[in-house]
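To start, the structure itself, in structure tokens.
The values are calculated or read from the model by the stated rules, or taken from the named source; none is laboratory data. The model shown is predicted, which means the values in this text are computed figures rather than measured ones. So basically every Cβ, Gly included, is an ideal-geometry build from the backbone, and we count neighbours across all protein chains shown. What goes into the accessible areas is simple: the full protein's heavy atoms, side chains included, and nothing from ligands, DNA or RNA. Shrake-Rupley method; radii C 1.70, N 1.55, O 1.52, S 1.80 Å.
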Amino acid sequence: MVYKGVLTKMQTEFLEPIQYYLVFENDFIHVNQLLNKPIEMKLVGYQCLSCGLDRPIFRQGFCKTCFFEKPLAGDWIMRPELSTAHLDKEDRDLEYEKKVQLQPHIVYLANSSNVKVGVTRKSQVPTRWIDQGAHEAVEIVEVPNRYLAGITEVALKDHVADKTNWRNMLKNDVKDEDLLIWRQKLKKYIPDEALPYFIESNTETHLHFPVEQYPSKPKSLNLKKQESYAGELVGIKGQYLIFKDNTVFNVRSNEGLVVEINL
Ligand SMILES: [Zn+2]
């Protein structure tokens with residue numbers, strides 16, 4: 001079977017274990033069903049996720065022009081504290097920014113390799129945690145807009161990490177942490193504006209990934225350099241495909257690549 005299409009981050013279903021789908025324009029692959037089977041992947045082109053043109057991908061699946069111009073790649077995406085829609089202030093397209101920023105957001109603690117703080121739209125829970133390969137997570141505050149979530153994250157970053165160590169996450173080199181204790185410990189650092197939104201009662205969410213064999217020394221596949229790769233799939237965690245020979249492939253950071261997948 002040959003599938004061809006532009007890579008976008010895998011769609012997921014929060015089941016035990018998590019179910020993954022590679023979705024193409026006219027077709028999809030249920031990736032869990034490929035475990036223990038050989039896969040061949042080939043780079044055949046590029047397709048910007050915004051303009052659709054065959055241009056080199058710059059960041060987040062966008063060509064350089066779109067990355068610097070389109071509202072869905074504004075700085076406030078990666079840095080929520082820069083959000084200004086709540087002030088009626090435009091960055092690139094106020095209508096779009098209002099739609100995305102002025103909705104419930106969650107600041108959470110997730111443990112993928114270490115405890116880290118993060119921000120997501122409420123509608124993206126638990127998708128965001130799945131994408132990060134977190135095996136446990138808990139909400140800290142639920143606020144009405146992205147700005148409040150952003151300033152909370154910034155304040156907490158001084159006391160807890162905001163990055164995942166992807167190698168340790170993939171090796172499953174993880175330690176169970178009591179995130180409820182962490183939440184209580186961090187409460188005093190939440191900015192006054194966000195404190196009324198503190199969540200006291202939620203319990204931890206636990207996530208189970210379909211991995212049969214963790215890589216001992218993960219090495220990242222760069223399809224832009226190598227152009228094609230063949231290997232046996234032994235796991236899926238976060239947005240990574242894990243192969244038997246220790247090769248790992250981050251689907252999300254390869255968005256916009258047009259690939260041919262041979263099963
Ligand atoms: Zn583009």
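Miscellaneous remarks
- Share of carbon and sulfur in the accessible heavy-atom surface of the chain [1.4 Å probe, %]: 47 percent
- Nitroxide proxy distance, nm - points 7 Å out along Cα→Cβ at ASN262 and GLU90: 5.0 nm
- Distance-filtered residues of the stretch 31-46 - backbone nitrogen under 13 Å, label point 7 angstrom along TYR3 Cα→Cβ: 31-35, 39-42
- For the pair GLU69 and GLU232, the difference between a 0.36 nm per residue extended length and the Cα-Cα distance amounts to 54.7 nm.
- Average accessible surface area per residue within the stretch 221-263, 1.4 Å rolling probe, Å²: 35 Å²
- Estimated distance in nm for a label pair at HIS30 and GLN11, the labels positioned 7 Å out from Cα along Cα-to-Cβ: 1.3 nm
- FRET efficiency, 1/(1 + (r/R0)^6) with R0 25 Å, evaluated for LYS163 and HIS206 via beta carbons: 0.70
- One chain, two ends: LEU195 and TYR21. Fully extended at 0.36 nm per residue, the span grows by 58.9 nm beyond their Cα-Cα distance.
- Solvent-accessible area per residue for the stretch 82-200 (1.4 angstrom probe, square angstrom): 46 Å²
- Based on Cα contacts under 8 Å between residues 6+ apart, the stretch 86-169 shows a relative contact order of 36 percent.
- Each distinct pair of alpha carbons in the chain adds a 1/r term; the inverse of their mean, the Kirkwood radius, is 19.5 Å.
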